[in-house]
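The values are calculated or read from the model by the stated rules, or taken from the named source; none is laboratory data. Quick caveat, the model's predicted, so the values are computed rather than measured. Every residue, glycine as well, gets a Cβ built from its backbone with ideal geometry; the counts of neighbours run over all protein chains shown.
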Amino acid sequence: MYRTMDCNIYSAVPLLLILALALVDIKGQQIEECPTRQAHLAGRTCRKSCEKDNDCVSSRKSCRCDGFCGLSCVNENLRCPDTNQAIPNGRMEFDPNNKFGSFAKYYCNDGYILKGMQARVCQADGTWSGNVPVCIVDRTIEATECKKPPDVHHAMHDGAIGQETYALGTMLQYQCTDNYTLSRDSVTRAWCVGGGLWVGPNMTCGHPGCPLDLEIDNGYVTIDKADGGVARYHCKKGYFLAGRSERRCLSSGKWDGYPPSCEAVTCTKPPVVEHAIHNGQIDQEYYPSGTQLTYSCDYGYSPHGNPRTMCNGDSQWVGLDLECIPRNCGFPGDVENGYRRGYLFTYGHQVTYYCDVGFELNGSPIRTCEGTGVWSGNLPSCIPIECSHLSAPQFGIMSGAGNTYGTVLRFDCDKKFQLVGSAERRCLADRTWSGEETRCEEINCGWPGPFWNGYLIGHKTTVGATIFFSCNIRTTFQGNDFQAICLANGTWSSQPPICLGQCQVPAIPNASLTEGRESVWLNHGSTIRYTCKDGLVPKSSSEVRCDNGTWTSLPECVPSPCAVPPPVINDGMRIFLGQAHGYRAKYKCFPGYRLAGMERDSPYLSCNYGEWVGGKPRCEEAYCDNPGSIEHGIAYKKGVEGKFIFKHYIRTIKHGTRLVYECNQGYRLVGPSGATCVNGEWQPNLRDPGTKCVEETHPPILKLWRPIQEMEKQSK
């Protein structure tokens, strides 16, 4: 729908659009042909040119035809300012959305013609094309008569009823009908003027009972006296009506309801543009209609598009079409013998430079794209790493030159000097030389080493020096040469000899020497032999050797061990831990046998100077003595085969035999009822306290009754 702005009396006329000003349709689609962008357009700001949507950086923009700017990147949601300017003697219709491609159309009242553009279009830069047209009098219309005069509510003129035309110059007088009053400052006459137009009247006939001086802040009131009187409230641009827009005059002479108010139209916070700020208050929540704000891009960003916006009468921010693009610093450059990391060259981004191995960075390694579109600092360079300068060592030479990374230097020494440290050194990436410091020292064979039991003659150890070796008294010389010469390679011509000590033949208790004489000194490697007295043997060996002043073992005679184990016994066992002198063997017989043949009833044999002493152990079968017969009873031998009477003439009873006693009738058994022969002894002991049969006895019987005669005798 289009809003219509009135100016005096109007009527519809054909709409003639100038399509050359708007080469897009209402939907924003491109027409088949779009003008080529002109080099200079007065008053126009053209957007980025394009051929397709992908050419536009922002996703909010599309490639559209923008009149004589040609195909451009356009924000189709862009709004142009309200253009609700009424033109004298005419009217305007426009789309209230005011988006890109919207039209504002202009019409003139009867008797007037339009001078200027009949249609203006909303362009991509947020402006309306062209200028506002004007309505001028149409001089071509014949001015000989006028048609019917204008009607006024609740009023009548003095012309003839039913008259259709009036001659030029006719004047008519208007007056209000009954019960309606004429408003103040009214024009009650109408004239037929040139061009067939009526001028006047300008009057209002209102209800006589209600006051006509109604007012509203930031607005105005119109009163229509027709239909009993109606007051209509209107607000200025930038305000909206809060309350009823109409009030009727009641018969009581008062307006019904309550008067409304005009409240300011406001917009909420303006749109947020990335990397940009506006010139409004940061904490302001609402903005009145008509407020205009201007955006500016942050430091380091360049503006593209319209930076201005305005709060329109529909509480919408319109006109803004701004994009803040980071500044581009361009290619920062590369370094020789190095490399760069970082591939974004716009504001805020950094690139870092590194050098190859063996090179170091000269300058700052980091460059930042600044807000001015220039890289910080200067392009660094990679220069070769240098080590400290080296020179030839004293008494030596150096081959090679330089001190940059990778340089190799070699060293050698003069005759009679030897190289200490590294013969070859390389300059490394950490500015140090490989290896150790090089120096030339005079060749010195050094002390030939420890020379036990001897001494050296000579004190020089440099090349060509000679030393002599000599052994102490009571030692034996063993070696290849008595002297050594220091050679050019830093070693001695021969190793030191060995001076081996002699040994003195010792006295050996309880032994006699079979080879060698007591107290005589013998050379290294000599041996002696000895034999021990009876019952004694050498502790380790009967032959000992002299080893550099010490006998291989101490000659000593110790008691002889037993050559054979202790004797084995039948029906028993032996227990022993060894056969050395002093060890003992214990003997124990199995059940039913007793140990015999031992001295002092001891169960042990002892190894004494090579022999087992203490008896000749053996295990004999153990028997029990006949315990004798039992008086007034019988003894039985009891076994697995049954029970048999034990004969008194049996003298020996084997291990495990059991005897059981039973008494004759009239006798009872006192003591154990039997015994078992265990290893030659009765268990339990039948003799102490012994088992016997004793005569049975009965307890006395109490006389609990008396003869009747005795009881009668006592009663008398």
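Is there a residue in the range 471-485 that is modelled with pLDDT of 90 or more, of a type in the set (A, V, I, L, M, F, W, C), within 23 Å of Pro496 (Cα to Cα) and surrounded by fewer than 13 Cβ atoms within 10 Å (Cβ to Cβ)?
Scanning the range 471-485, I find no residue that is modelled with pLDDT of 90 or more, of a type in the set (A, V, I, L, M, F, W, C), within 23 Å of Pro496 (Cα to Cα) and surrounded by fewer than 13 Cβ atoms within 10 Å (Cβ to Cβ), so the answer is no.
Condition check ((1) modelled with pLDDT of 95 or more; (2) touching a strand residue (DSSP E or B) at 6+ places or on another chain (Cβ under 6 Å); (3) in a loop (DSSP other than H, G, I, E, B)) across all residues:
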position: Lys269; (1), (2), (3): no, no, yes
position: Gly280; (1), (2), (3): no, yes, yes
position: Glu285; (1), (2), (3): no, no, yes
position: Gly290; (1), (2), (3): no, no, yes
position: Asp314; (1), (2), (3): no, no, yes
position: Glu323; (1), (2), (3): no, yes, no
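If you check Gly342 against the conditions, is it in contact with a Gly (Cβ under 9 Å, 6 or more places away or on another chain), more than 30 Å from Gly280 (Cβ to Cβ) and at pLDDT below 95?
In short, no.
Among the acidic types (Asp, Glu), surrounded by fewer than 18 Cβ atoms within 10 Å (Cβ to Cβ), free of Cβ contacts under 8 Å to residues at least 40 places away in the same chain and assigned to a strand (DSSP E or B): is that true of Glu518 in this structure?
Answer is no for this residue.
Which of the strands (runs of 3 or more DSSP E) found entirely inside the range 42-132 contain at least 2 residues meeting this: of a type in the set (Ser, Thr, Tyr), touching a helix residue (DSSP H, G or I) at 6+ places or on another chain (Cβ under 6 Å) and under 29 Å from Glu274 (Cβ atoms)?
Where strands (runs of 3 or more DSSP E) fall fully within the range 42-132, none carries at least 2 residues being of a type in the set (Ser, Thr, Tyr), touching a helix residue (DSSP H, G or I) at 6+ places or on another chain (Cβ under 6 Å) and under 29 Å from Glu274 (Cβ atoms).
Go over the candidates Pro559, Pro591, Pro566 one by one and state the one that is farther than 30 Å from Arg658 by Cα and surrounded by fewer than 17 Cβ atoms within 10 Å (Cβ to Cβ).
That would be Pro559, the only listed residue that is farther than 30 Å from Arg658 by Cα and surrounded by fewer than 17 Cβ atoms within 10 Å (Cβ to Cβ).
Taking the conditions exactly as written (exposed (fewer than 12 other Cβ atoms within 10 Å of the Cβ) and free of Cβ contacts under 8 Å to residues at least 60 places away in the same chain), does Gly615 satisfy them or not?
Taking the combined requirement at face value, the residue does not satisfy it.
Could you tell me whether the range 656-665 includes any residue that is without any contact (Cβ under 8 Å) to a residue 12 or more places away in the chain, touching a strand residue (DSSP E or B) at 6+ places or on another chain (Cβ under 9 Å) and among the acidic types (Asp, Glu)?
no
Looking at the structure I just gave you, is Glu621 over 60 Å from the mean Cα position of the chain (by Cα), buried (at least 16 other Cβ atoms within 10 Å of the Cβ) and among the acidic types (Asp, Glu)?
No: the conditions fail for Glu621.
Which residue is surrounded by the most Cβ atoms within 10 Å (Cβ to Cβ), if the candidates are limited to the range 636-650 and must be assigned to a strand (DSSP E or B) and among the charged types (D, E, K, R)?
Per the stated criteria, the residue is Lys637.
Considering only the range 437-496, state which residues are closer than 15 Å to Lys416 by Cα, touching a Leu at 6+ places or on another chain (Cβ under 9 Å) and of a type outside the set (Lys, Arg).
Cys440, Glu441, Ile443, Cys445, Val463, Gly464
Looking at (1) over 30 Å from Gln478 (Cβ atoms); (2) surrounded by 14 or more Cβ atoms within 10 Å (Cβ to Cβ), can you tell me which one Phe451 breaks?
Just one mismatch for Phe451, condition (1).
Residue check: is Gly229 under 24 Å from Cys210 (Cβ atoms), in contact with a strand residue (DSSP E or B) (Cβ under 9 Å, 6 or more places away or on another chain), at pLDDT below 85 and surrounded by 13 or more Cβ atoms within 10 Å (Cβ to Cβ)?
Yes, satisfied.
Just to be sure I understand the filter: pairs with C-beta atoms under 6 Å, separated by 6 or more residues or on different chains, first member in the range 466-481 and touching a residue at least 40 places away in the same chain (Cβ under 8 Å), second member among the basic types (Lys, Arg) and part of a loop (DSSP other than H, G, I, E, B). Which pairs pass?
Matching pairs, first to second residue: none at all.
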